[in-house]
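Below is one structure, written out as structure tokens, with a few remarks after it.
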Amino acid sequence: MTFRRILLAAGILFCLSGCADKSSYDIIPEYEALVFEESENYLLGEQYYKGEAVQITGNREGEVFLCRDGESAEIWMTEVPKELTDTYGSWWIAPDETVWIFSENRLTGVNPDGSIRCSVKTDGVVTDICESARGQIVVTVGNATTYTSGLAVLDEETGELGEILWQKGLLYKTAKGQTGDILILDEKGLYDYTLSDGTRHFYMEWAGTGYEPSSVRDIKFISSNQVELYAENDMLITLSKVNPEDSDKIVLTLKSSGLRPEIKELIVRFNQENEKYYVKSEEMPESMDYEAYCQKLQAEIAAGHGADIFDMDFIQSTPQLVDMGVLEELTGWMEQEGIRREDYFPQAFCILGREDGVYGMPYGMNLFSYCIDTDIYPADKEYDLQGLLTVLEEYPKDAVLLKGYSASYILTLLLEGSEDLNGLIDWENHTCDFSGDDFARLLELAKRYGDGDGKNAESIVLSPVRMMNYMLYAVYDNAMRETGRKLVGKPVAEGGVHQVYPYFFSMNAASANKEGVWEFMMFLLREENQFFLGAKNADVLLPVSRRAFQEAGEYFVENAASYKFAVVFTDMGPDSVKVEADAFTKEQLSTMEKLLEEGKQPPWKTEEILDIIAEESEAYFDGSKTVQEVTEVMQNRVQLYLDEEG
């Protein structure tokens with residue numbers, strides 16, 4: 001008897017979501033892998049049957065099998081018509097052993113003896129089915145246009161669905177209710193639902209816990225504080241409500257605008273492992289806009305009630321927190337821990353691009369760059385800002401610099417690579433000068449090469465290259481070769497700059513639990529967790545550790561075929577092109593490493609000034625002001641800003 005072993009994939013169930021109001025509890029998942037007999041049968045359904053997680057499989061001979069964890073499959077039905085087994089993952093066995101088969105907008109009931117009970121055509125695609133606490137068959141239908149789900153009771157005698165009760169969003173899974181008719185699991189939480197009046201009784205709400213289950217096959221209710229979910233990839237996940245304040249652990253608060261799934265998983269691991277501290281994450285309420293959220297956190301800090309840990313988005317939005325002394329400077333902590341900077345990529349600890357101290361601890365990185373059309377800018381021509389501007393001035397055809405980006409964005413791109421904005425700013429003397437011909441030249445070229453008003457250009461000069469993981473870089477590398485492009489970077493006076501973005505958490509200098517915050521930061525920097533971020537959860541982050549980066553990269557060199565990537569590029573030419581990658585080479589790994597070693601962060605100190613320039617330049621781009629008029633306004637506004645900052 002042969003069984004296939006399922007790898008326990010961290011973060012398999014939970015996806016990033018906005019949160020409403022914070023919960024007073026946290027939700028802790030525990031994972032258990034199921035092992036089903038390996039066969040060439042095809043999957044028909046996955047559910048709890050008589051309390052057990054089972055698979056329903058079938059073959060071309062009309063046999064249907066029931067598969068249990070760790071046991072041989074048993075034949076459950078024979079001589080099943082082929083048309084009933086030509087559906088994927090859409091069989092459900094009711095408690096009375098009637099089989100309900102749903103495919104698209106058709107629902108078919110099959111009696112235990114194989115005879116057809118009824119066949120129903122539905123208004124909407126059938127996505128789920130369950131039995132209610134009152135013994136009714138409740139069908140879930142979906143509307144792909146409105147992204148909503150509806151519930152309807154099936155009349156088994158007439159074979160007709162009752163009125164569809166449309167919900168506000170999508171329902172992930174339904175099951176037999178406890179105090180209501182049915183259990184519903186959706187983006188808000190897990191709750192009992194009464195069909196007659198729409199009453200909801202919540203058992204778990206994801207808001208403030210950092211979790212939102214999806215891809216759930218079935219639900220087993222254990223208690224009001226615990227539920228077991230049959231998830232994808234043959235995984236059982238038990239969710240338990242825990243109030244960390246009821247334990248002996250010291251609670252560390254972490255406030256974020258939205259945590260990545262892999263970081264949520266590492267927080268869970270830290271909380272399970274650490275005997276003294278417990279990280280409680282609180283995410284931005286979905287009803288609040290980002291600016292208001294930042295103001296809220298600043299008010300909490302001013303009142304002495306700030307979180308122990310801040311995420312990078314808040315820090316980047318309010319870099320003045322560094323000069324206000326709100327963030328702990330971590331150089332001393334690093335020295336005491338024995339952290340060697342040479343073990344990490346150069347930009348890892350340059351938080352906000354600052355070199356006067358370490359104001360956050362990194363856990364991952366992104367790479368971002370640009371590639372250029374070599375028919376417009378020859379591959380053998382030295383690339384820099386002046387060279388690009390000259391080529392743009394002389395190019396005879398209609399083109400855009402970047403597809404989908406406005407003239408003001410193009411202007412920002414041409415300026416932001418240098419700390420003095422190509423000579424516009426004198427930081428030492430706190431002065432600026434927008435009156436020169438060079439800036440007027442940039443304005444004119446940005447207007448010509450901006451992509452606005454439905455412009456249908458023959459050529460696209462630059463295309464973004466987003467290297468958020470190894471396989472994505474492989475796809476971009478293939479795409480550049482197929483479309484005749486060369487990786488060049490952001491244009492600056494000295495050449496091309498590839499940008500590195502560290503992801504980090506910062507420590508509140510007023511925290512009463514700095515030791516605990518530091519333990520959490522060190523947990524994220526562990527080699528096995530860095531490897532997890534780069535290889536086992538290969539989505540949006542690269543390790544900051546040189547060793548983990550190399551090991552994760554070698555993992556993809558050996559296993560790339562299992563992570564096949566395909567991307568449809570719409571910004572590498574006038575026509576879309578689909579590019580695939582099922583291999584990651586040592587040469588590609590070496591190139592990525594070189595980019596991380598040489599890459600720079602954008603100069604954060606110019607952000608406010610760039611915002612002013614972009615805002616005022618719109619009057620020139622829409623034709624309402626001349627170059628002289630807009631540059632005079634920019635001169636006054638930027639000089640005022642420099643005076644205030646000085």
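Quick check, is residue 209 loosely packed, with under 14 Cβ neighbours inside 10 Å and either touching a helix residue (DSSP H, G or I) at 6+ places or on another chain (Cβ under 8 Å) or modelled with pLDDT under 95 (or both)? Break it down into steps so the answer makes sense when it comes.
On the way: loosely packed, with under 14 Cβ neighbours inside 10 Å: no; either touching a helix residue (DSSP H, G or I) at 6+ places or on another chain (Cβ under 8 Å) or modelled with pLDDT under 95 (or both): yes.
No.
Go through the range 490-514 residue by residue and tally those that are closer than 22 Å to residue 257 by Cα and either open to solvent by less than 10 Å² (accessible area, probe 1.4 Å) or in a strand (DSSP E or B) (or both).
So the count comes out to 9.
Can you tell me which of (1) in contact (Cβ under 8 Å) with a residue 40 or more places away in the chain; (2) assigned to a helix (DSSP H, G or I); (3) not hydrophobic (A, V, I, L, M, F, W, C) is the one residue 554 doesn't meet?
The failed condition is (1).
Can you find even one residue in the range 448-455 that is of a type in the set (Asp, Glu) and touching a Lys or Arg at 6+ places or on another chain (Cβ under 7 Å)? So that I can check it myself, show each step before the final result.
Within the range 448-455, the first condition is being of a type in the set (Asp, Glu), and the residues that meet it are 451, 453.
Keeping just the survivors that are touching a Lys or Arg at 6+ places or on another chain (Cβ under 7 Å) gives 451.
Looking for residues that are of a type in the set (Asp, Glu) and touching a Lys or Arg at 6+ places or on another chain (Cβ under 7 Å), one finds at least one in the range 448-455, hence yes.
Could you tell me whether the range 280-299 includes any residue that is free of Cβ contacts under 8 Å to residues at least 40 places away in the same chain and of a type in the set (S, T, N, Q)?
At the first step, the residues of the range 280-299 found to be free of Cβ contacts under 8 Å to residues at least 40 places away in the same chain are 288-296, 298-299.
Filter once more, so that each one left must be of a type in the set (S, T, N, Q): 295, 298.
Yes: the range 280-299 contains one or more residues that are free of Cβ contacts under 8 Å to residues at least 40 places away in the same chain and of a type in the set (S, T, N, Q).
Being outside any strand (DSSP E or B) and either modelled with pLDDT of 90 or more or open to solvent by 70 Å² or more (accessible area, probe 1.4 Å) (or both) narrows it down to one residue among 180, 142, 114; which is it? Don't jump to the end; show me each part of the working.
On the way: 142 fails: outside any strand (DSSP E or B); 114 fails: either modelled with pLDDT of 90 or more or open to solvent by 70 Å² or more (accessible area, probe 1.4 Å) (or both).
The conditions single out 180.
If residue 245 satisfies every condition in (1) open to solvent by 60 Å² or more (accessible area, probe 1.4 Å); (2) modelled with pLDDT of 80 or more but one, which is the exception?
(2)
For the range 343-377, how many residues meet the condition of being within 27 Å of the chain's Cα centre (by Cα) and within 29 Å of residue 460 (Cβ to Cβ)?
8
Identify all residues within the range 397-421 that are of a type in the set (Gly, Ala, Ser) and at negative phi; write none if there are none.
Of the range 397-421, the ones of a type in the set (Gly, Ala, Ser) are 399, 404, 406-408, 417-418.
Hits for the range 397-421 are 399, 406, 407, 408, 417, 418.
Just checking, how many residues over the range 306-346 are at pLDDT 90 or above, farther than 23 Å from residue 280 by Cα and open to solvent by less than 20 Å² (accessible area, probe 1.4 Å)?
2
Conditions (1) open to solvent by 60 Å² or more (accessible area, probe 1.4 Å); (2) among the aliphatic types (A, V, I, L, M); (3) at pLDDT below 90, marked per residue:
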site	(1), (2), (3)
527	no, no, no
534	no, no, yes
549	no, no, no
554	yes, no, no
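So which residues in the range 562-610 are touching a Ser or Thr at 6+ places or on another chain (Cβ under 9 Å) and closer than 26 Å to residue 322 by Cα?
599, 603, 606, 610, listed by residue number.
Which residue pairs have Cβ atoms under 6 Å apart, sit 6 or more places apart or on different chains, and have a first residue in the range 155-180 that is closer than 17 Å to residue 127 by Cα and without any contact (Cβ under 8 Å) to a residue 40 or more places away in the chain and a second that is open to solvent by 20 Å² or more (accessible area, probe 1.4 Å) and charged (D, E, K, R)?
169/187
Considering the range 188-205 alone, what residues qualify as being under 32 Å from the mean Cα position of the chain (by Cα) and closer than 25 Å to residue 51 by Cα?
Passing the criteria: 189, 190, 191, 192, 193, 200, 201, 202, 203, 204, 205.
Just to be sure, is residue 517 of a type outside the set (S, T, N, Q), touching a strand residue (DSSP E or B) at 6+ places or on another chain (Cβ under 6 Å) and in a helix (DSSP H, G or I)? Don't jump to the end; show me each part of the working.
On the way: of a type outside the set (S, T, N, Q): yes; touching a strand residue (DSSP E or B) at 6+ places or on another chain (Cβ under 6 Å): yes; in a helix (DSSP H, G or I): yes.
Answer is yes for this residue.
Here are 411, 402, 445: which of them is within 34 Å of the chain's Cα centre (by Cα), modelled with pLDDT of 95 or more and of a type in the set (A, V, I, L, M)? Please lay out each step first, then the result.
On the way: 402 fails: modelled with pLDDT of 95 or more; 445 fails: within 34 Å of the chain's Cα centre (by Cα).
None of the others qualify; the one that does is 411.
Only residues that are surrounded by fewer than 17 Cβ atoms within 10 Å (Cβ to Cβ) and at pLDDT 80 or above: list them for the range 273-293, please.
Within the range 273-293, 273, 275, 276, 290, 291 meet the criteria.
Which residues, taken from the range 105-164, are farther than 18 Å from residue 93 by Cα, in contact with an Asp or Glu (Cβ under 7 Å, 6 or more places away or on another chain) and of a type outside the set (A, V, I, L, M)?
Within the range 105-164, just 162 meets the criteria.
Within the range 250-259, can one find any residue that is more than 27 Å from residue 179 (Cα to Cα), open to solvent by less than 30 Å² (accessible area, probe 1.4 Å), assigned to a loop (DSSP other than H, G, I, E, B) and not polar (S, T, N, Q)?
yes
Taking the criterion of being at pLDDT below 50 and open to solvent by less than 50 Å² (accessible area, probe 1.4 Å), would at least one residue in the range 21-29 satisfy it?
no
Return the residues of the range 155-169 that are assigned to a loop (DSSP other than H, G, I, E, B) and open to solvent by less than 80 Å² (accessible area, probe 1.4 Å); say none if nothing qualifies.
Narrowing the range 155-169 to residues assigned to a loop (DSSP other than H, G, I, E, B): 156-159, 162-164, 167-169.
156, 159, 162, 164, 167, 169 - these are the residues of the range 155-169 that are assigned to a loop (DSSP other than H, G, I, E, B) and open to solvent by less than 80 Å² (accessible area, probe 1.4 Å).
Could you list, in sequence order, the residues of the range 413-437 that are open to solvent by 60 Å² or more (accessible area, probe 1.4 Å) and more than 19 Å from residue 496 (Cβ to Cβ)?
428, 429, 430, 433, 435, 437
Check every one of the helices (runs of 4 or more DSSP H) wholly within the range 384-451 and list those with 1 or more residues that are charged (D, E, K, R).
Values: elements: 385-394, 407-415, 437-449.
Here the list reads 385-394, 437-449.
Out of all the residues in the range 492-503, is one or more farther than 30 Å from residue 374 by Cβ and either at pLDDT below 95 or polar (S, T, N, Q) (or both)? Can you show your working first?
So the first thing to find is which residues in the range 492-503 are farther than 30 Å from residue 374 by Cβ, and the list is 502-503.
From the residues that got through so far, the ones that are either at pLDDT below 95 or polar (S, T, N, Q) (or both) too are 502-503.
Yes - at least one qualifying residue is present in the range 492-503.
Filter the range 322-346 down to residues that are in contact (Cβ under 8 Å) with a residue 12 or more places away in the chain, among the aliphatic types (A, V, I, L, M) and farther than 25 Å from residue 549 by Cα, then give me how many there are.
3
The values are calculated or read from the model by the stated rules, or taken from the named source; none is laboratory data. On a predicted model such as this, the values are computed, not experimentally measured, just so you know. Neighbour counts run over all protein chains shown; Cβ positions are idealised from the backbone, glycine included. Calculation scope for accessible area: heavy atoms of the full protein, side chains included, ligands and nucleic acids excluded. Shrake-Rupley method; radii C 1.70, N 1.55, O 1.52, S 1.80 Å.
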